[in-house]
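What follows is calculated from the coordinates using simple rules that are stated; it is not laboratory data. Please read these numbers as outputs of a predicted model, since none were measured by experiment. No Cβ is skipped: glycine too gets one built from the backbone with ideal geometry, and neighbour counts run over all protein chains shown.
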Amino acid sequence: MMEIWYDTDPGFDDWMAWALIESEPAFKLLGVSVVAGNAPLPVTLSNALAIKAFHGFQAPVHAGCDRPLAQAQVTAQDVLGAQGMETTGPALPAASGAAAQPAPGHGVQALIDGVRARPGRVTLLAVGPLTNVAAAFALAPELPSLLAGLVIMGGSTVGGNATAAAEFNIHADPEAAVRVFECGVPVAMFGLNVCRQVPIGQAQVDRLKALGGDRAALFAGYVDGYVEIGRRRGRAVQSLYDPTPVIWLARPELFELQPARVDVELQGRFTRGMTVCDLRAPALPRANAQVAVKADGTAAMEWAMQRLEALLRR
Ligand code: RIB
Ligand code: CA
């Protein structure tokens with residue numbers, strides 16, 4: 001059983017990644033810490049509590065950091081809309097009553113406590129800006145050494161999406177990313193380069209809609225809203241970002257990762273937030289990351305769709 005702590009900024013791809021974690025019998029989700037990213041924290045937290053209520057997930061959801069460590073906040077609302085995720089169908093109902101309250105305790109402390117309680121057992125998967133993770137490592141410097149794994153969706157070996165150089169999660173808090181890549185434990189990095197090898201499009205929307213039922217229809221509407229991001233840019237498909245590292249955790253044979261030295265640019269006038277990935281063989285002695293470079297996108301998407309069908313049919 002793989003025990004996972006999930007740090008996230010929902011966002012629909014975050015939602016899909018969470019659904020995959022919960023649908024995979026080999027995974028046990030210990031807890032969720034929410035961070036500002038795709039939208040400000042009140043919105044990402046509201047989305048997380050609504051996702052938990054919609055699916056009846058049990059893992060506690062904690063509110064984490066509401067701003068980056070050392071820069072003004074940026075969000076992806078210009079691309080994703082005010083709610084941080086859009087749908088072409090029915091809206092996700094907001095959580096209500098007690099379900100609308102996060103679990104007690106700050107998300108950073110909850111992350112620290114969750115890992116300390118299970119030394120050597122917890123894989124930390126972070127799919128938003130790394131503010132919560134960096135803060136946890138600052139408060140508990142021993143935490144990286146207690147992890148079974150440290151996995152992120154973030155960065156890129158081929159240029160950015162938030163800027164020409166920076167991928168959004170790193171762009172939103174570069175100082176936090178520096179602290180994570182310098183934590184002393186190798187980071188399994190799933191950047192734009194590998195996520196672009198796992199496209200999602202109309203075929204997946206149609207497959208989920210064909211399940212029938214209100215829950216599948218609502219979820220499919222958000223998949224369609226996510227695919228629409230690509231359509232608006234003239235692309236028939238959209239890269240599958242946050243679910244990609246989840247698929248690797250379940251089916252590592254579908255991916256190729258390479259040891260590399262990854263440094264995060266902080267000073268560049270045009271390159272702040274860039275992950276400078278040194279994939280040259282001699283980099284090994286300085287390597288601080290395993291960078292995903294190849295994916296079997298078709299097989300990866302098929303695994304994801306089968307898991308989602310199992311979840312949405314429940
Ligand atoms: O660049 C893609 C990343 O930014 C994803 O994690 C998405 O959810 C946004 O946070
Ligand atoms: Ca995200």
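Within the listed set A176, A48, A281, the residue fluctuating most in the Gaussian network model of the chain (springs between alpha-carbon atoms under 10 angstrom) is A281.
So, R0 is 22 Å and r is the distance between the beta-carbons of R233 and A203; what FRET efficiency does that work out to, to 0.05?
So, using R0 = 22 Å, E works out to roughly 0.75.
Compare V194, V205, V262 in a GNM of the chain, Cα atoms joined below 10 Å, and give the one with the largest fluctuation. Looking only at V194, V205, V262, the largest GNM fluctuation is found for V205. First check a/c for region 208-276, with a ≥ b ≥ c the square roots of the eigenvalues of its C-alpha gyration tensor; if it is under 1.5, answer rounded, and if not, answer prolate when a/b is larger than b/c or oblate otherwise. Note, shape of region 208-276 comes out oblate. Averaging the Cα positions of each part gives two centres, and for region 52-111 and region 250-288 these lie 29 Å apart. Loop-located trypsin sites (Lys or Arg not before Pro) across region 36-137 with a Cβ neighbour count of 12 or fewer within 10 Å are lacking, with loop assigned by DSSP. If the reach is capped at under 19 angstrom between alpha carbons, list the aspartates and glutamates near K294, excluding any in the same chain fewer than eight residues apart. Within reach: E167, D242, E253, E256, D278, E302.
Could you work out the relative contact order of region 1-135? I mean the mean sequence separation of Cα pairs under 8 Å and 6+ apart, divided by the number of residues, in percent. Answer for region 1-135 is 36 percent. The loop-placed GluC sites (Glu not before Pro) in region 129-189, going by DSSP, that have at most 16 neighbouring Cβ atoms within 10 Å of their Cβ come out as E142, E182.
Within region 95-145, the proportion of C-alpha pairs whose separation exceeds 17 Å stands at 41%. One decimal place: the segment S96-Q58 gains 12.1 nm when fully extended, by the rule 0.36 nm per residue minus the C-alpha distance. Model label points for V276 and Q73, set 7 angstrom from Cα along the Cα-to-Cβ axis, are 3.1 nm apart.
For V187, the amide hydrogen comes within under 5 Å of the amide hydrogens of A289, Q290, counting only partners 5 or more places away or on other chains and with H modelled in the peptide plane. Using the Cα coordinates of region 1-105, the gyration tensor eigenvalues translate into equivalent-ellipsoid semi-axes of 21, 17, 14 Å, sorted from longest to shortest.
Springs join every pair of Cα atoms under 10 Å in this Gaussian network model of the chain, and among A236, A98, A210 the largest mean-square fluctuation is at A98. Taking square-rooted eigenvalues a ≥ b ≥ c of the alpha carbon gyration tensor, is the chain rounded, prolate or oblate, where a/c under 1.5 means rounded and, failing that, a/b exceeding b/c means prolate? Judged from the Cα gyration tensor, the chain comes out rounded (a/c under 1.5).
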